[in-house]
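The values are calculated or read from the model by the stated rules, or taken from the named source; none is laboratory data. Being a predicted model, the structure only gives us computed values, none of them experimental. What goes into the accessible areas is simple: the full protein's heavy atoms, side chains included, and nothing from ligands, DNA or RNA. Shrake-Rupley method; radii C 1.70, N 1.55, O 1.52, S 1.80 Å.
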Amino acid sequence: MTADEIEIQIVAPIRVAYMRHVGPFGSPGIAETWRRFESWCEAEGLAPLRRRRFGVAQDNPNITPPERTRYDVCIQVDDDLHARGDVGVQTLPGGRYAVVPFAGRAAEIRAACPHA
């Protein structure tokens, strides 16, 4: 990743449904969580390819022990969707975000982030 690939965006708060993975970033468990979550989205009729999806690292892996890091797989939802089972609902806070495109495997994410 190069500096010219990083885009700063001002983002409004976004309501999302999410499923959480706890464990090392880049572990196969994250991909499995995405698969389970996408199956849930299909069952709920959320058409994942037409809604914004997000992967949100909740912890800094340089501070938090790997077995305790949290990663949320998310999809933007309307106000009428409510949490149930393994799926929660939260609002991602608005503000300035560094947005970086990434295509690859989960195990390659950490190496792609210059300060991770």
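Three principal axis extents of region 29-86 based on alpha-carbon atoms, in descending order, are 37, 23, 22 Å.
For the chain, the longest principal axis of the Cα atoms and the long axis of helix 28-43 meet at an angle of about 30 degrees.
Across the accessible surface of the chain, with the other protein chains kept in place and a 1.4 Å probe, carbon and sulfur atoms take up 52 percent. In the chain, Cα pairs under 8 Å separated by at least six residues give a relative contact order of 46 percent.
Within the chain, the proportion of C-alpha pairs whose separation exceeds 25 Å stands at 24%. In the full protein context, the chain carries 65 Å² of accessible surface per residue, based on a 1.4 Å probe and ignoring ligands, DNA and RNA.
Estimated purely from DSSP H runs of n ≥ 4, each contributing -39500 (n - 2.57), the mean residue ellipticity at 222 nm for the chain is -5000 deg cm²/dmol once divided by its residues.
For Ala31 and Arg105 in the same chain, what is the full-extension length gain: residue separation times 0.36 nm, less their Cα-Cα distance, in nm? All intermediate terms of the calculation are to be shown ahead of the outcome.
Values: separation 74, 0.36 × 74 = 26.64 nm, distance 0.85 nm.
In short, 25.8 nm is gained.
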